[in-house]
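Everything below concerns the one structure shown next.
No value in this document is a laboratory result; all are computed from the given coordinates. Predicted model only: the values in this text are computed from it and were never measured. With ideal geometry, Cβ positions are generated from the backbone for all residues, glycine too; neighbour counts draw on all protein chains shown.
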Amino acid sequence: MLKHELTEEGAVIVLKVQEDNLDALTVPEARPLVDQLVERGAIKVVFDMTSVKTIDSSGVAIIVSLFKRLRAVGGAVRVSGVNGQPREIFHFLRLDNALPIFATVTDALKGFGA
């Protein structure tokens with residue numbers, strides 16, 4: 001099971017990943033969680049990566065999938081706590097241009113106007 005914490009901040013759901021790695025081993029466990037968020041009607045999600053030390057293409061794919069699925073229904077994703085290797089990957093793939101990235105969950109919530 002993917003270690004995570006879900007909290008609600010008003011109309012925003014904060015998904016805090018509590019894993020060191022977001023990769024091919026942990027992403028299969030994350031897919032049902034993402035499906036669940038979309039099915040329950042989540043429109044605004046903060047994807048908190050503060051604990052994530054490494055990410056691979058599978059991890060990037062799950063974040064992009066959530067971004068696309070929410071955008072298709074008028075929603076949005078903000079990413080927070082991206083540091084180290086994940087930040088380098090986001091920059092290399094230019095995801096930092098496509099996805100709003102914030103230093104903290106608080107900043108990401110402000111980005112939603114929450």
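Quick notes
- One entry in (i) 24, 15, 15; (ii) 19, 16, 13; (iii) 27, 19, 11 is semi-axes √(5λ) of the Cα gyration tensor in Å calculated from the shown coordinates; its label is (ii).
- Of all DSSP-defined beta bridges confined to the chain, some 30% are antiparallel rather than parallel.
- In terms of surrounding Cβ atoms within a 10 Å radius of their Cβ, LEU99, LEU66 rank from fewest to most as LEU99, LEU66.
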